[in-house]
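These notes are about the structure you will find just below.
Derivation of every value follows stated rules applied to the coordinates shown; laboratory data play no part. Given the structure is predicted, the values throughout are model-derived calculations rather than measurements. For neighbour counting, all protein chains shown are included, and Cβ atoms are generated from backbone atoms with ideal geometry for every residue, glycine included.
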Amino acid sequence: MGKSYREELVGVFGDPIDENPTVVVAQDAFEKLGIPYRYITVNVKAEDLKDALRALTALNFKGIHLTIPHKVAALPYLDSISEEAAIMGAVNTVVVKDGKLRGENTDGKGFMKSLENAGVALEGKKVTMLGAGGAARAIAVELCRAGIGELVILNRSETRGRELLETIRKHFDLKTSYEKWDHTMAIDADTDILVNTTSIGLYPDVDARPDIVFDTITDRMVVCDVIPNHPHTQLLKEAEKRGARTLDGLGMLINQCVESIYYWTGEVADAGSMKDALAREYGIDVHY
Ligand SMILES: NC(=O)c1ccc[n+]([C@@H]2O[C@H](COP(=O)([O-])OP(=O)(O)OC[C@H]3O[C@@H](n4cnc5c(N)ncnc54)[C@H](OP(=O)(O)O)[C@@H]3O)[C@@H](O)[C@H]2O)c1
């Protein structure tokens, strides 16, 4: 038998994408699992998404992650979508099987796992969410499924904000509201968990900060950011100054990748080893 030099291909499509560190955790997982998979980080412009997705079957990819700005835009180009991804209206993981593309969403589950690992209780809690894009939709649906008591959505674009509000109202029975985010917003004092799901602070705009009144963050809040790079965002720094407990986007990144790898390979990756790989990469403590 000759040695096989071929590797199974997976990866991520996004724009911007260069500094997305998912390859670090995915490649660590494949090495530890001892399976010949290669994770490729690909810059795909919005206008090229359809062609890029079509290429997956031609190139025999096992699947792909989708990130900003493709998670919602990809829906029309997929052959099927899981029930959860359909409710969320967003796909972050495409699975290629028998020449067909299936859309799944592991973002929300990844986020929930990092809250669970940090021991953050959700039942009956009030969550204020910045953003209403693909990541927001996934996180909002999972939070509602977990039994939060109230969801407040702040989003710049009214169309997207209202669409998410309607989705939540259609599928869940809890107190929800949307506020147009067109001025410096105060965070309600009774908010238990504040989540930034926008791309504000994503590399290279690492000094960007959400337009909120930082002094309305209190030490009784848990403040979460989904930004994976740089993970220690301006929002988290401001929250720490006010004594709030914080969670960065790296835990979500690791946990959603574990779920995606399971869809692509049927194997359960070692999240602890992936965490260590990311900690070595960034030279910081990583919690997942
Ligand atoms: N840690 C992880 O594992 C993980 C997983 C998924 C996503 N993410 C991160 O989540 C972020 C969002 O991704 P996505 O796929 O949800 O993107 P998306 O669908 O394009 O949504 C982007 C969101 O950010 C808002 N936004 C962007 N710039 C803004 C600004 N200057 N002021 C106010 N709002 C602004 C948008 O508001 P409008 O509707 O008004 O445009 C929208 O709500 C990205 O940074 C991505 O890296 C991280």
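Under a point-charge model restricted to the Cβ atoms of Lys and Arg (+1) and Asp and Glu (-1), what is the dipole moment magnitude of the chain relative to its Cα centre, in debye to the nearest 20?
Computed charge dipole of the chain: roughly 500 debye.
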From a point 7 Å beyond the Cα of ARG162 in the direction of its Cβ, which residues of the stretch 120-153 have a backbone N at a distance under 19 Å? 131-134, 137, 152-153
Report, please, the projected area of the chain averaged over directions, based on the convex hull of its C-alpha atoms, in nm². 15.0
Residue with peak Gaussian network fluctuation, the chain [Cα springs, cutoff 10 Å], from ILE200, ILE35, ILE81: ILE35
Counting only C-alpha contacts under 8 Å and six or more residues apart, can you give the relative contact order of the stretch 108-248 as a whole percent? 21
Would you be so kind as to identify which of ALA136, ALA244, TYR203 lies farthest towards the positive end of the dipole of the chain, taking Lys and Arg as +1 and Asp and Glu as -1 on Cβ and the Cα centre as origin? ALA136
Cα-based shape type of the stretch 108-248, given that a ≥ b ≥ c are square roots of the gyration tensor eigenvalues and the cut on a/c is 1.5: rounded
Once each part is reduced to its C-alpha centroid, what is the distance from the stretch 173-201 to the stretch 237-261 in angstrom? 17
Explain nothing, just the number: relative contact order of the chain, from Cα pairs under 8 Å at least 6 residues apart, as a whole percent. 17
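Would you mind working out the magnitude of the charge dipole of the stretch 108-248 relative to its Cα centre, with +1 at each Lys and Arg C-beta and -1 at each Asp and Glu C-beta, to the nearest 20 Debye? Please report the intermediate quantities before stating the final value.
On the way: 19 positive and 22 negative charges, 68 e Å.
So the dipole magnitude of the stretch 108-248 works out to roughly 320 debye.
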Would you give the gap between the C-alpha center of the stretch 211-234 and the C-alpha center of the stretch 86-147, rounded to a whole Å? 19
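Could you calculate the FRET efficiency of ASP276 with ALA186 from 1/(1 + (r/R0)^6), where r is the beta carbon distance between them and R0 is 41 Å, rounded to 0.05? Write down the numbers at each step before the final one.
Working: r = 39 Å, r/R0 = 0.96.
That pair, ASP276 with ALA186, gives E of 0.55.
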Could you list VAL195, VAL25 so that the one with the fewest beta carbons within 10 Å of its beta carbon is first and the one with the most is last? VAL195, VAL25
PRE reach from VAL268 (point 7 Å along Cα→Cβ): which of the stretch 76-115 fall under 17 Å by backbone N? 110, 113-114
Sort SER4, SER177, SER273 so the one with the fewest other Cβ atoms within 10 Å of its own Cβ comes first. SER4, SER177, SER273
Sequence-separation-based contact order of the stretch 101-164, relative, with Cα cut under 8 Å and 6+ spacing, percent: 38
